[in-house]
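The values are calculated or read from the model by the stated rules, or taken from the named source; none is laboratory data. Note that the structure is predicted; figures quoted are calculated from it, not measured. Quick reminder, even Gly has a Cβ in these numbers, built from the backbone with ideal geometry, and neighbours come from all protein chains shown. To get the accessible areas, we keep the full protein, side chains included, count just its heavy atoms, and leave off ligands, DNA and RNA. Shrake-Rupley method; radii C 1.70, N 1.55, O 1.52, S 1.80 Å.
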Amino acid sequence: MVIVAGHLLVAPDGREAYLAGCIPVVEQARSAPGCLDFAISADLTDPARINIFERWATQEAVESFRGAGTAEQQNTAIRAATVAEYEIAEVRSLT
């Protein structure tokens with residue numbers, strides 16, 4: 001399993017537009033083979049921060065979905081990013 005997690009920083013006054021532009025990406029990801037979960041969401045306390053969380057069955061599924069990466073318009077809106085991939089060997093359910 002692969003987890004992709006982190007956050008992006010955008011201009012606070014552009015965050016809602018950025019998130020609205022991500023709706024098709026989230027819909028595509030959630031229907032992609034190997035996607036277990038995919039979320040892009042506004043942070044509750046930082047008006048510039050967008051949280052990223054993805055869970056994939058395999059690295060191949062991540063790479064197949066990623067393709068060329070984000071659109072140019074999205075790239076120009078991002079002021080900073082801290083996002084990483086984590087390979088998970090074991091999962092323990094908390095519920």
**Request:** Please give the per residue accessible area of region 1-70, computed with a probe of 1.4 Å over protein heavy atoms only, in Å².
**Result:** 54
**Message:** Is there a quick way to get the dipole size of the chain? I mean about its Cα centre, with the Cβ of Lys and Arg at +1 and of Asp and Glu at -1; what is the value in debye to the nearest 20?
**Reply:** 100
**Furthest towards positive pole of dipole, 62, 83, 44, structure part the chain, Cβ charges** = 44
**Request:** Treat each spin label as a single point 7 Å out from the Cα along the C-beta direction, and report the residue 1 to residue 51 distance in nm.
**Result:** 1.8
**Asked** Calculated from DSSP H runs of 4 or more alone, at -39500 (n - 2.57) each and per residue, what is the 222 nm mean residue ellipticity of the chain, nearest 500?
**Response** -9500 deg cm²/dmol
**Request:** Report Rg (one decimal) and Dmax (nearest whole number) for the chain, counting Cα atoms only, units Å.
**Result:** 13.7, 40
